[in-house]
Structures are given as C-alpha cells and as structure tokens.
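Visitor: Take this structure first; my questions come after.
The values are calculated or read from the model by the stated rules, or taken from the named source; none is laboratory data. Just so you know, these numbers come straight off a predicted model, no measurement behind them. Positions of Cβ are backbone-derived with ideal geometry, glycine not excepted, and every protein chain shown enters the neighbour counts. Just the protein is used for accessible areas: all its heavy atoms, side chains included, with ligands, DNA and RNA removed. Shrake-Rupley method; radii C 1.70, N 1.55, O 1.52, S 1.80 Å.
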Amino acid sequence: PTQITQKFYYRSRILLHCLICSSFSVSSGSYAMYRVLASRALRAKSLCDKSSTSLASLTLPRLNHSIPFATVDAEELSGAHPAEVQSFVQGKWIGSSNHNTLLDPLNGEPFIKVAEVDETGTQPFVDSLSQCPKHGLHNPFKSPERYLLYGDISTKAAHMLALPKVADFFARLIQRVAPKSYQQAAGEVFVTRKFLENFCGDQVRFLARSFAIPGNHLGQQSHGYRWPYGPVTIVTPFNFPLEIPLLQLMGALYMGNKPLLKVDSKVSIVMEQMMRLLHYCGLPAEDVDFINSDGKTMNKILLEASPRMTLFTGSSRVAEKLALDLKGRIRLEDAGFDWKVLGPDVQEVDYVAWQCDQDAYACSGQKCSAQSMLFVHENWSKTPLLSKLKELAERRKLEDLTIGPVLTFTTEAMLEHMENLLQIPGSKLLFGGKELKNHSIPSIYGALEPTAVYVPIEEILKDSKTYELVTKEIFGPFQIVTEYKKDQLPLVLEALERMHAHLTAAVVSNDPIFIQEVVGNSVNGTTYAGLRGRTTGAPQNHWFGPAGDPRGAGIGTPEAIKLVWSCHREVIYDYGPVPKGWELPSST
C-alpha cells in the first residue's frame with residue numbers, strides 16, 4: 001500500500017505541475033481540475049506521511065494553497081513581518097549592505113528593506129550589459145528558436161496569473177506598496193495577464209515579420225527586418241508596479257534585447273516577485289538584470305554602460321536630463337497633463353459624472369493618464385453634473401483605498417498649489433481641499449481629499465505665468481475645472497495647443513462635427529472620442545503612449561513593441577547572375 005500511495009502521490013504532483021506550466025488555457029474547468037489534483041495529492045501525502053516518515057522531505061514546496069515562486073506573504077507584510085528586496089545580475093540574486101528602509105504608506109511603520117546597489121557596486125551591471133552584442137540575444141538570423149521560447153514563457157506566465165491565488169497575491173502586494181482599491185490593483189494584474197496571453201505561441205515571432213521587395217534585375221531582392229538594439233535599459237515609476245515594467249520588459253525580450261530593469265524602489269518588491277515567477281516559467285537567468293538603486297547610481301550605470309536604447313517612464317524633468325545624457329538614444333513616456341472636453345450634446349449625465357470621477361480620482365489621481373483638466377460646455381453647466389461629481393468624490397474613503405496616500409507630493413505641497421490657484425480672479429474651490437481625516441499616513445506622503453478647483457477659461461489664457469500655474473501637474477487627487485460657451489471653442493483649442501505633454505485626452509460627445517474639430521486640432525497620442533470617452537483605464541488591446549514627440553514610446557501592442565524595442569534593418573540580396581557579355585565600364 002505504501003508503494004502504491006507513493007506512486008499516486010508522485011503522479012499527482014507531476015500532473016499538477018504540468019497543469020500549472022503547460023500550454024493549454026486555464027479555464028474554470030481546468031482550474032477545477034487543478035483543485036481536484038491538488039486535493040488528491042494532499043490526501044496522498046497524508047497517507048504517505050502515516051505510512052512512511054521519509055516522504056515528508058519529498059513534499060512539493062508550498063503545495064498547500066501556496067505560491068511556488070513567492071518569497072514574501074502579501075497578507076502578512078508589515079512592520080512586524082518586514083520583507084527584503086534583492087537585485088539580480090549575471091544570473092543570481094544579490095543583496096547589499098546599503099539598505100533603503102521603506103515606510104508603510106498607510107501607517108508609517110518600516111516594513112520593507114530594499115537592498116540598493118550604490119555607486120561602488122555598479123560594475124557587475126555594466127559588465128553584464130557590455131557582454132550583450134549590438135545584434136542582440138536573438139534576431140531573424142540568429143537563434144530564432146528563442147522567439148518560440150518567449151512564446152512559451154508568455155504562455156506559462158499568463159497561466160500562472162490566471163490562477164486566483166497568484167492573481168490575488170500580486171493584487172494584494174500592489175496594494176501594500178502603491179495603495180489603491182482592490183479593483184484597481186486587480187485590474188492591473190488582469191491587463192498584465194491579457195498582454196501575456198496576446199503573445200503566446202507564435203505571436204512573438206510574428207513581431208519580427210519581415211518583408212521583401214523585388215529588385216532591379218534577376219537575383220536581386222531587398223528584405224526589411226526588425227532588428228534588436230542589444231543591451232537596453234528600462235526605468236519605470238511607482239504608480240503601476242506590475243503592468244508598466246512587465247509589459248516593457250517582455251517587449252524588449254521578445255525582440256531580442258538584453259534589458260536591465262530598474263523600478264522605483266518604493267514598489268520594486270512587486271517586480272522582484274514577478275521576476276521570480278518568470279524564472280519559474282522558464283526565463284533564462286542571464287537574459288535580464290534587475291537593479292534596486294537611487295537615481296544617481298542608475299545614472300552612473302547608464303553613462304558607463306552606454307546602452308543602445310533606454311525606455312523611461314516618469315517625470316518630464318528626468319526625461320529631458322536623460323535625453324541629453326544618453327545623446328538621444330531614448331524613448332519616453334513622460335508626464336501627462338491630460339484633458340477632457342465635454343461637447344455641446346448633453347446626455348447620460350450620471351454616466352459621464354461617474355467616468356469623470358474615475359478618471360480624476362481612481363488610484364488617488366496617481367495615473368499618468370489621470371484627468372487633470374475638465375472643459376465643461378455651458379450646456380453641461382445647466383445639469384447637475386458638477387454636484388454629482390462632488391457626491392461621487394465624497395464617497396471615496398481611505399478604508400477601501402478608493403482614496404489614499406499620494407507618494408510624490410506632500411499634503412502641504414498640494415494645499416499650497418490650491419491656495420495659489422485660488423488667488424486667480426474668479427477661481428473657486430468646488431469640493432475637497434482638505435487633508436484626509438483620521439489617517440496615519442506618514443508626512444513624507446500626501447493625504448488629500450479629492451479636490452477640484454474652478455478657474456475661468458479667460459483667466460487661464462490671460463498670461464503665460466497663470467497658464468503655467470494652472471497646467472502644473474499635481475500627481476494626486478486634484479483637477480482643474482473650467483467652463484466654455486458655444487462660441488469659445490477656439491479658446492479651448494488654444495489651451496490645448498499650449499500644453500507641453502500630450503499623453504491621453506477625451507472628447508465626450510457623439511456629435512461627429514464637434515469631435516472632428518477637437519481631434520483635428522489636438523495631438524494627444526491616446527485620445528478617446530464619444531459619449532463614453534475617458535482618459536484612463538487603458539487596456540492591453542490598443543496603443544497607449546504620447547504623440548507629437550519623436551522620442552515618444554508606446555506600450556502594449558505589437559506596433560508599440562516594434563517601435564520601441566527594435567529598429568529597421570534592410571538586407572539587399574544580389575546573387576546575380578552577372579549579365580552575359582558584361583564588360584568593365586569606364587570610371588564614373
């Protein structure tokens with residue numbers, strides 16, 4: 001009986017592992033199969049334990065409702081149960097004597113120690129990047145089987161994220177370091193999974209599809225190929241700890257590059273755990289390096305390693321500095337002061353108010369696509385739109401993280417900005433404008449109620465100083481509201497033209513002539529038009545990125561991946577034959 005039980009236990013373990021890591025889709029039925037196999041394996045283990053103590057050492061690690069790759073418990077992460085985050089270079093995880101101790105953004109307790117590489121420890125990362133040739137780890141002529149490898153890795157990673165326990169793990173971990181509602185955090189995990197599903201199987205090699213053009217004579221053809229850059233770097237912000245770094249990382253890998261990834265230390269624990277998941281799903285250990293460091297140290301690596309391309313997502317100030325330091329070898333998705341224009345056709349007031357609330361205040365306004373300015377047509381001012389928007393904003397609460405800590409602005413800085421705006425003639429506070437009540441958010445972060453300030457459109461455009469004040473991006477739950485009359489659309493278009501960042505926008509109207517006028521006279525790279533127009537919530541099925549800047553980066557789609565992570569290479573084949581009777585021509 002012991003031998004039979006052992007055999008069944010091992011078979012159950014193998015079947016369970018195959019279910020998690022194989023290439024078939026994880027539907028509700030296959031998840032049910034997972035539960036059955038897990039239950040059988042555990043029962044078999046129990047029988048084995050009773051009959052043979054030696055089997056205890058053979059138990060599948062964390063099989064019992066646990067996660068095989070995880071080194072932290074998102075539910076227990078706290079001051080009492082702190083975590084440590086490591087870096088990864090040249091195929092191994094490394095620590096550091098230099099620790100950045102992070103404070104819990106909800107209560108100020110020290111709860112994560114990030115082992116940050118300092119300027120004395122950069123050489124392994126520089127050497128690792130330098131070992132990658134300019135032609136990459138793979139390309140259409142070299143190691144093409146790696147395109148298939150990354151299709152398989154994507155399949156397995158997508159299936160892992162489809163497991164409820166794993167999806168919940170990442171959603172909870174995101175909430176701990178970048179507090180947002182569970183729905184918002186789970187949405188980030190969902191979009192990440194759908195992206196991975198989009199690049200399963202042969203889809204990775206389809207990214208490298210080439211084309212051929214007939215030549216001028218027999219034996220000549222020109223072929224266009226998508227070619228990797230080789231050693232590249234990725235620098236991403238705090239607000240989407242999983243989605244932004246993972247989508248850009250995989251895009252870089254798909255095209256044959258070797259990336260060094262740096263995520264904002266405040267949230268890098270999320271991507272550290274995702275790296276462990278990718279290794280579990282077959283990612284070659286030498287293909288990616290992962291660093292925790294401050295900005296100065298990372299800048300030193302960029303200057304010394306001279307990567308062929310860098311993707312930077314973050315503030316415009318840092319973006320412009322890097323563009324100079326790297327001599328233009330960079331793609332940017334920088335700040336977005338994003339606008340929404342409500343057209344003259346009023347309908348579905350409740351829905352439009354809800355979408356405005358979501359765009360301005362979900363994730364406490366800490367989205368690069370968040371609604372920063374709302375242009376309200378006078379027809380909408382005759383409706384209860386603004387009062388409904390106020391009611392929706394006021395139902396957000398810290399308890400469920402529908403409003404929460406602001407990680408890059410203090411409360412004082414946001415209130416000071418509000419007071420400066422209220423000095424503009426005709427301006428007024430519509431709602432908010434106060435510190436959150438009964439909170440324990442540390443003072444290094446911000447704690448502000450969802451806030452809206454009205455500024456007359458004539459005053460916004462009066463002079464450049466006022467315009468710059470009004471259009472200053474506050475990465476928090478803060479928006480500007482203004483009104484325009486039916487003959488003032490040119491003023492709205494002037495305000496849009498003078499903006500510097502062109503990421504997302506929305507034209508809320510079903511009037512095709514109005515949409516045509518606004519879209520035709522604006523430039524934002526991701527623009528939503530129609531009654532359900534929004535500025536946030538970009539999924540994985542369309543381009544997301546700025547326009548109007550040749551350095552602009554996209555994310556998520558095949559077009560974005562090819563644009564950001566590959567360049568064009570033309571190979572002209574000319575086999576001959578040489579024409580009969582060819583003679584040496586005179587010099588030209």
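Results for (1) among the charged types (D, E, K, R); (2) within 21 Å of residue 256 (Cβ to Cβ), shown as yes or no for each residue.
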| position | (1), (2) |
| --- | --- |
| 133 | no, yes |
| 145 | yes, yes |
| 186 | no, no |
| 192 | no, no |
| 195 | no, yes |
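Visitor: Would you confirm whether or not the stretch 543-556 contains a residue that is open to solvent by less than 30 Å² (accessible area, probe 1.4 Å) and over 15 Å from residue 334 (Cα atoms)?
Guide: Yes: one or more hits.
Visitor: Moving on to the next point. Are any residues in the stretch 480-527 small (Gly, Ala, Ser) and either open to solvent by less than 10 Å² (accessible area, probe 1.4 Å) or touching a residue at least 40 places away in the same chain (Cβ under 8 Å) (or both), and if so, which ones?
Guide: Across the stretch 480-527, the qualifying residues are 495, 501, 505, 506, 509.
Visitor: Turning to a different aspect of this structure: Return the residues of the stretch 443-461 that are closer than 17 Å to residue 393 by Cα and either assigned to a loop (DSSP other than H, G, I, E, B) or touching a Cys at 6+ places or on another chain (Cβ under 9 Å) (or both); say none if nothing qualifies.
Guide: 447, 449, 450
Visitor: Suppose the filter is under 20 Å from residue 389 (Cβ atoms) and touching an Asp or Glu at 6+ places or on another chain (Cβ under 9 Å); does residue 442 pass it?
Guide: Against the criterion (under 20 Å from residue 389 (Cβ atoms) and touching an Asp or Glu at 6+ places or on another chain (Cβ under 9 Å)), residue 442 does not qualify.
Visitor: Output yes when any residue across the stretch 375-391 is over 18 Å from residue 482 (Cα atoms) and either part of a strand (DSSP E or B) or open to solvent by 10 Å² or more (accessible area, probe 1.4 Å) (or both), and no when none is.
Guide: yes
Visitor: Restricting to the stretch 177-236, name every residue that is open to solvent by less than 20 Å² (accessible area, probe 1.4 Å), charged (D, E, K, R) and not in a helix (DSSP H, G or I).
Guide: The one that is open to solvent by less than 20 Å² (accessible area, probe 1.4 Å), charged (D, E, K, R) and not in a helix (DSSP H, G or I): 180.
Visitor: Quick check, is residue 290 in contact with a His (Cβ under 9 Å, 6 or more places away or on another chain) and either farther than 29 Å from residue 543 by Cβ or not small (Gly, Ala, Ser) (or both)?
Guide: no
Visitor: With the checklist (1) hydrophobic (A, V, I, L, M, F, W, C); (2) in contact with a helix residue (DSSP H, G or I) (Cβ under 8 Å, 6 or more places away or on another chain); (3) part of a helix (DSSP H, G or I) in hand, flag the one item residue 244 doesn't pass.
Guide: Against the list (1) hydrophobic (A, V, I, L, M, F, W, C); (2) in contact with a helix residue (DSSP H, G or I) (Cβ under 8 Å, 6 or more places away or on another chain); (3) part of a helix (DSSP H, G or I), residue 244 comes up short only on (2).
Visitor: Only one of 461, 421 is open to solvent by less than 10 Å² (accessible area, probe 1.4 Å) and over 24 Å from residue 237 (Cβ atoms); which?
Guide: 421
Visitor: Can you list residue pairs whose Cβ atoms sit under 9 Å apart, with the first residue in the stretch 195-212 being at positive phi and the second being of a type outside the set (A, V, I, L, M) and open to solvent by 50 Å² or more (accessible area, probe 1.4 Å)? Count only pairs 6 or more apart in sequence or on different chains.
Guide: Sorted first by the residue in the stretch 195-212, then by its partner, the pairs are 201/23; 201/152.
Visitor: Are there any strands (runs of 3 or more DSSP E) wholly within the stretch 478-586 with 3 or more residues that are modelled with pLDDT of 95 or more and out of contact with any Asp or Glu (no Cβ under 8 Å at 6 or more places or on another chain), and if so which?
Guide: Passing ranges, in order: 478-484, 526-529, 567-574.
Visitor: Give me the residue from the stretch 341-374 that is small (Gly, Ala, Ser) and not in a helix (DSSP H, G or I) and, out of that set, farthest from residue 525 (Cα to Cα).
Guide: It comes out as 343.
Visitor: Now a separate question. How many of the residues making up the stretch 445-458 are among the aliphatic types (A, V, I, L, M) and either out of contact with any Asp or Glu (no Cβ under 8 Å at 6 or more places or on another chain) or surrounded by fewer than 22 Cβ atoms within 10 Å (Cβ to Cβ) (or both)?
Guide: Filtering the stretch 445-458 for residues among the aliphatic types (A, V, I, L, M) gives 447-448, 452-453, 455, 457.
If we keep only those that are either out of contact with any Asp or Glu (no Cβ under 8 Å at 6 or more places or on another chain) or surrounded by fewer than 22 Cβ atoms within 10 Å (Cβ to Cβ) (or both) too, we end up with 452-453, 455, 457.
Selection size over the stretch 445-458: 4.
Visitor: Do we find a residue being in the same structural domain as residue 388 (by the TED database) and in contact (Cβ under 8 Å) with a residue 40 or more places away in the chain anywhere in the stretch 453-460? Please lay out each step first, then the result.
Guide: Within the stretch 453-460, the subset in the same structural domain as residue 388 (by the TED database) is 453-460.
With in contact (Cβ under 8 Å) with a residue 40 or more places away in the chain added as a condition, the list becomes 457.
Looking through the stretch 453-460, at least one residue is in the same structural domain as residue 388 (by the TED database) and in contact (Cβ under 8 Å) with a residue 40 or more places away in the chain.
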